[in-house]
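Here is the structure we will look at, set down as structure tokens.
What follows is calculated from the coordinates using simple rules that are stated; it is not laboratory data. Computed from a prediction, not measured in an experiment: that's the story for all the values here. Cβ placement follows ideal geometry from the backbone for every residue including glycine, while neighbour counts extend to all protein chains displayed.
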């Protein structure tokens, strides 16, 4: 396989399926952490050239909080968790068990808490993936940025840019029903990681 | 006459004659290169993603890299009547959105993109009239082919025209 653009429907379905398992694990962790029921959407797997990828994210200019972790080694990939800016404060309130609407501004402690959320989500996701592939994933510490979605995703995509003109974005949305708070979880595998995944799944 | 601005996506480039406006949204560590011929009023915008095509395994898309992107942008503009010797440049972007503790050189891609773009422009003997690069924030830029003005919008640092 040379490029993401060559993936077929069966391969995409297989990727969605493992992502579903990974995200299910992550949703359980999130639910335990927040003490609330967390639902999750049917995963989406999109392949698009770089110049179109932003269309899947609700526009490059929308303001988001983005937590980013890199996995190096045998299976390099990027993990990105995006929360729309207007929902970040609610997220913080949930984490700290405060009445919704308490947080009006972000401080260092909030930043740490958001990073920890990303850490736990990515950890549970990767654990599930690991059980499947028998690979050990060692993610970096999370980094956090609050800015335009395009600027944040662009930096993540640069890692893939050296290998491909297309990005494969596997997306899971976590939803807190009561207040409709949603977070978007993205897995961005590099080409060689994708090959390994597909081989393990028996669809390559 | 109102015309919709022409959108330039990531790792993409476009050239256009006046009075069109070229826009690229959400530049992070990518660099937006704007070239303009003040006489024929032909403008061009490239959304550069990576510094060097020679380091890469996939160079199908020339607009992605500083070296091949700048060259291709000039070619596209010349096709629309621009004269290479008259071109002037304005550049923006090259930020570092994420700060990893102990980040290596490889991670400072914004800085490397900016350096690579400047080097290419110097080689092509194109003067940089304005530069707004670095920092840790995203930029959206709008380039007017009518007057060569570049509007730079950010979320946390306001707007400016260079």
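What is the angle, in °, between the Cα long axis of helix B:66-79 and the longest principal axis of the Cα atoms in chain B? Nearest 10 is fine, range 0 to 90.
Helix B:66-79 and the main axis of chain B meet at about 10 degrees.
Averaging sequence separations of C-alpha pairs under 8 Å and six or more residues apart, then dividing by the length of chain A, give the relative contact order as a whole percent. Please list the in-between numbers first.
On the way: 359 pairs, mean separation 74.6, N = 204.
Relative CO of chain A lands at 37 percent.
I want to verify the translational diffusion coefficient of chain A in µm²/s; compute it with Stokes-Einstein, Rh as the Kirkwood radius over Cα pairs, at 20 °C and 1.002 mPa s.
Answer from the Stokes-Einstein relation: 125 µm²/s.
Which whole number of Å³ per residue matches the convex hull of the alpha-carbon atoms in the stretch A:121-165?
Working: hull volume 5.1 nm³, N = 45.
So the per-residue Cα hull volume is 113 Å³.
Just to be sure I understand: of the beta bridges DSSP finds with both ends in the stretch B:6-161, what percent are antiparallel, rounded to 5? Please list the in-between numbers first.
Numbers: 30 of 39 bridges.
Antiparallel: roughly 75 percent of the beta bridges in the stretch B:6-161.
Would you work out the Kirkwood radius for the stretch A:20-89? I mean one over the mean of 1/r across all pairs of different Cα atoms, in Å. Numbers along the way, then the final one.
Values: mean 1/r = 0.0689 Å⁻¹.
For the stretch A:20-89, the Kirkwood estimate is 14.5 Å.
Which whole-angstrom value gives the distance between the alpha carbon centres of the stretch A:133-204 and the stretch A:81-116?
22 Å
Which of rounded, prolate, oblate describes the stretch A:56-164, given a ≥ b ≥ c as roots of the alpha-carbon gyration tensor eigenvalues and a/c under 1.5 marking rounded, otherwise prolate only if a/b is larger than b/c?
Numbers: a/c = 2.51, a/b = 1.42, b/c = 1.77.
Oblate shape, in that a/c is at least 1.5 and b/c is the bigger or equal ratio.
For the peptides A:192-204, B:18-30, what is the packing order when you average, over each peptide's residues, the other Cβ atoms within 10 Å and list the highest mean first?
Details: A:192-204: 16.2, B:18-30: 24.2.
Packing order, densest peptide first, comes out as B:18-30, A:192-204.
When Cβ neighbours within 10 Å are restricted to other protein chains, what is their mean count per residue of peptide B:26-33?
On the way: counts 14, 5, 14, 7, 8, 0, 0, 0.
Mean inter-chain Cβ contacts per residue within 10 Å come to 6.
Just the C-alpha atoms of the stretch B:6-161: what Rg/Rh do they give, with Rh taken as the Kirkwood radius? Please report the intermediate quantities before stating the final value.
Values: Rg = 14.6 Å, Rh = 15.2 Å.
With Rh from the inverse mean 1/r over Cα pairs, Rg/Rh is 0.96.
What is the mean number of Cβ atoms from other protein chains located within 10 Å of the Cβ atom of each residue in peptide A:138-144, rounded to a whole number?
Numbers: counts 0, 0, 4, 3, 2, 8, 3.
Per residue, the number of nearby Cβ atoms from other chains is 3 on average.
Hey, what D do you get for the stretch A:121-204 in µm²/s if you plug the Kirkwood alpha-carbon radius into Stokes-Einstein at 4 °C and 1.567 mPa s? If you can, show how the numbers build up before the last one.
Numbers: Rh = 14.9 Å.
Taking Rh from Cα pairs, D becomes 87 µm²/s.
I want to verify the translational diffusion coefficient of the stretch A:98-146 in µm²/s; compute it with Stokes-Einstein, Rh as the Kirkwood radius over Cα pairs, at 10 °C and 1.306 mPa s.
Roughly 124 µm²/s, to the nearest whole number.
Helix A:9-34: angle to the longest alpha-carbon principal axis of chain A, degrees 0 to 90, nearest 10?
So the inclination is approximately 20 degrees.
Could you work out how far helix A:108-133 tilts from the main Cα principal axis of chain A, as a 0 to 90 degree angle to the nearest 10?
Helix A:108-133 sits at roughly 30 degrees to that axis.
Let me know the mean shielding of B:43-56 by other chains, meaning the per-residue number of their Cβ atoms within 10 Å of its Cβ. Don't jump to the answer; show the numbers that get you there.
On the way: counts 0, 0, 0, 0, 4, 0, 9, 3, 1, 1, 1, 0, 1, 3.
Rounded to a whole number, the mean comes out at 2.
Any idea what Rg and Dmax come out to for the protein assembly as shown if you just take the C-alpha atoms, in Å?
Rg, Dmax (Cα atoms, Å): 21.1, 65.
Out of the DSSP beta bridges found with both residues in the protein assembly as shown, what percent are antiparallel (nearest 5)?
Details: 68 of 77 bridges.
Percentage antiparallel, nearest 5: 90.
Using only alpha-carbon positions, what ratio does the radius of gyration of the stretch B:1-44 give when scaled by 2.2 N^0.38 Å? Before the final figure, lay out the partial values.
Details: Rg = 11.1 Å, N = 44, 2.2 N^0.38 = 9.3 Å.
With N residues counted in the stretch B:1-44, Rg over 2.2 N^0.38 Å equals 1.19.
Assuming a ≥ b ≥ c are the square roots of the Cα gyration tensor eigenvalues, decide whether the stretch B:87-162 counts as rounded (a/c under 1.5), prolate (otherwise, with a/b larger than b/c) or oblate.
oblate
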